[in-house]
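No lab work stands behind these numbers, since they all come straight from the coordinates. Please read all numbers here as calculations on a predicted model, not as lab measurements. Glycine gets a Cβ as well: all are built from the backbone with ideal geometry, and neighbour counts include every protein chain shown.
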Amino acid sequence: MPIIGEVKSARELGYRGNGRRIWSACELCGTERWVMRNTDGTPQNKLCVHCFLKTRSRENNHNWKGGRFKTMDGYVRVLAPDHPFADIRGYVLEHRLILEQKLGRLLLRTEVGHHLNGIKNDNRPQNLVVATRKHSSSTMIAPYKERIRELELAIEKLIDKED
C-alpha cells in the first residue's frame, strides 16, 4: 500500500499520459486514491468523486432551482422524497400534490389528476379534478370544448357587428 504523498508516473500506474500522480486521501471521508498532481506538488482534487458529487448535489449545485422543474412533456415536478409516489430521484407531479392537499388524502393508484383547461403546468386547485385512469380525458374535456366553441362563435358575432 502506498504512503500518503508518494508520487509515481501515470504510465507506471496504468494510466494514459505522461503526468505524475500522487497518493492522496479525501478530505471528507479519508478514502485514499491516486490523484493527478499540480505543478506545486499538491493533489489536484482534494475530494474523492463520491464526496465531490455530494457537495454539488441539490441545494449546493449552482443550477439548483428549489426542487421544482418542468418536464419535457409540460408537467411540473416537485421534490418530495418521502412521498409514496415519488420517482427514483424523489420528485412527484405537482398537480398530484395539490389534489392530495385539496382532498386531504393521498390519491389512489387508480386515480389521476386532470387539468380542466388542458394546460399541464396550470396547477391551480380550481383547475384540477380527480379522474380514474379508466375514465378517458376526452370524455371529460368534451363539455368544455363545446362551451369553448359556443364562446368562439359569440366572439365572432361580436366582431362581425363591429365591422
- Query: Out of all the residues in segment 53-64, is one or more over 30 Å from residue 90 (Cα atoms) and among the aromatic types (Phe, Trp, Tyr)?
  - Reply: no
- Message: Any residue in segment 10-21 that is closer than 13 Å to residue 35 by Cα sitting within a Cβ distance under 9 Å of a residue that is surrounded by 14 or more Cβ atoms within 10 Å (Cβ to Cβ) and among the β-branched types (Val, Ile, Thr)? List the pairs, counting only those 6 or more apart or interchain.
- Response: 21/35
- Note on the structure: Subset of segment 6-43, residues over 38 Å from the mean Cα position of the chain (by Cα), within 26 Å of residue 55 (Cα to Cα) and not small (Gly, Ala, Ser), comes to 39, 40
- Message: Of everything in segment 68-91, what is more than 22 Å from residue 115 (Cα to Cα) and under 11 Å from the mean Cα position of the chain (by Cα)? Give them in sequence order.
- Response: 88, 89, 90
- Those residues of segment 1-44 which are surrounded by 15 or more Cβ atoms within 10 Å (Cβ to Cβ), aliphatic (A, V, I, L, M) and part of a strand (DSSP E or B) amount to 22, 25, 35, 36
- Tell me which residues, restricted to segment 61-75, are out of contact with any helix residue (DSSP H, G or I) (no Cβ under 8 Å at 6 or more places or on another chain) and not in a strand (DSSP E or B). 61, 62, 63, 65, 66, 71, 72, 73, 74
- Query: Got a sec? Which of 130, 92 is more than 27 Å from residue 148 (Cα to Cα) and outside any loop (DSSP other than H, G, I, E, B)?
  - Reply: 92
- Note on the structure: Selection from segment 79-99 of residues free of Cβ contacts under 8 Å to residues at least 12 places away in the same chain and closer than 16 Å to residue 122 by Cα yields none
